[in-house]
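The values are calculated or read from the model by the stated rules, or taken from the named source; none is laboratory data. Note that the structure is predicted; figures quoted are calculated from it, not measured. With ideal geometry, Cβ positions are generated from the backbone for all residues, glycine too; neighbour counts draw on all protein chains shown.
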Amino acid sequence: MSSSTNAIAIPPVNAAVSLPVERTKRWARLLVNPASGTHDAVAQLPAIVTAFEGRGMQVVLSFTSAGNSPQALVAQTVRDHYDLVVVAGGDGPVSAVAHSLLGTDIPLGIVPVGTYNNIARSLRIPSDLDGALQVLLHGQPWRIDSAVANGTPFMEVVDVGLDARLFPVAEQIKSGAWYQLGAALRTLRYYRLCKLRIELPNGRRLVTRSLMALVSNMPYFGMRFAVAPTARPDSGLLVLTVFEHMTKLQLLRHFAAIAHGRQVQEPRISTYQGERCRITTTSRPSMPVQADGQVVGPTPVLIEVMPRALTAMAPPRTPAHRADEAP
């Protein structure tokens, strides 16, 4: 079997590695998305590998790509009974790996090298390399929640309405298609309030007119918008946020105010907690729905928590942390 040093020397190679039946060391699979964020993820690999090997752990390195998906790599990792899966990347790669680890006992480790790193922030994982490595080497496994929207798993948030309508064109603009800016402005201009019917688990039903609604599994999404600051990764509850009686300009101002983790009280926003909710529209057309950037179709949408379905490495939790409502 090739050593981890050789793996770094030839990064394009993602050869399958068969683990020995009798192991004297713990094994970690390190998955890297070289395109994540503004940091050079590849440049940090020697420090990551050295840190693990210094603790007596063998590292197998794999680079994700269009032809080498995180899902396929994790499937092999699960079959081979690795002890740990580490992702060096942003929220997209972390979510993809997390979904593939659901229901397994293999812990997920995160080296946050994306742009916003909302999942890592929600788990209190430091953004610097040394701090993240300390969590991987000396942290504790934490059973956290995931969730599904019409059967599609997500870690952060489900958007119903305006944000989901804007998302596809916004992704094109982010990729350099600035000619789509006009389409985004037209969508923003002509989008109208929609009548929502929301069913909560206690039998309560809400009927409201709103530009959008969010269902959060974690406190942050997007540009680290603090949409659900009371959400806890292990609570077994989702947070429903309904933006009532707000104009599009007021909504945009609110999101600007809560960017980068800032918390703002807004009386026109209603929040609810529960294990599940179902959102339908009573007017035409139906509203678009996206979960962590994946379009999951129009309403109706059933959103359900998956309690403690994933194990993640996190900093040791003190009694004060356990008592906190927000991570």
Out of the residues in region 64-87 meeting the condition of being more than 20 Å from the chain's Cα centre (by Cα) and free of Cβ contacts under 8 Å to residues at least 24 places away in the same chain, tell me which one is surrounded by the fewest Cβ atoms within 10 Å (Cβ to Cβ).
Gly67
With (1) under 14 Å from Ile110 (Cβ atoms); (2) modelled with pLDDT of 85 or more; (3) of a type outside the set (S, T, N, Q) as the list, and Ala41 as the residue in question, which single condition is left unmet?
(2)
Can you name the residue in region 72-92 that is modelled with pLDDT under 90 and outside any loop (DSSP other than H, G, I, E, B) and, of all such residues, is farthest from Ala291 (Cα to Cα)?
Gly89
Being among the basic types (Lys, Arg), in a strand (DSSP E or B), in contact (Cβ under 8 Å) with a residue 12 or more places away in the chain and surrounded by fewer than 16 Cβ atoms within 10 Å (Cβ to Cβ): is that true of Arg209 here?
yes
Based on what the data block shows, is Gly236 surrounded by 15 or more Cβ atoms within 10 Å (Cβ to Cβ) and of a type outside the set (Asp, Glu)?
no
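A quick yes/no check of all residues on (1) within 21 Å of Gly293 (Cα to Cα); (2) touching a Gly at 6+ places or on another chain (Cβ under 6 Å); (3) outside the structural domain of Thr115 (by TED's automatic domain parsing); (4) assigned to a loop (DSSP other than H, G, I, E, B):
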| site | (1), (2), (3), (4) |
| --- | --- |
| Arg189 | no, no, yes, no |
| Arg192 | no, no, yes, yes |
| Pro233 | yes, no, yes, yes |
| Thr241 | yes, no, yes, no |
| His260 | yes, no, yes, no |
| Gln263 | no, no, yes, yes |
What residue, among those in region 265-293 that are under 20 Å from the mean Cα position of the chain (by Cα) and part of a loop (DSSP other than H, G, I, E, B), is farthest from Asn202 (Cα to Cα)?
Gly293
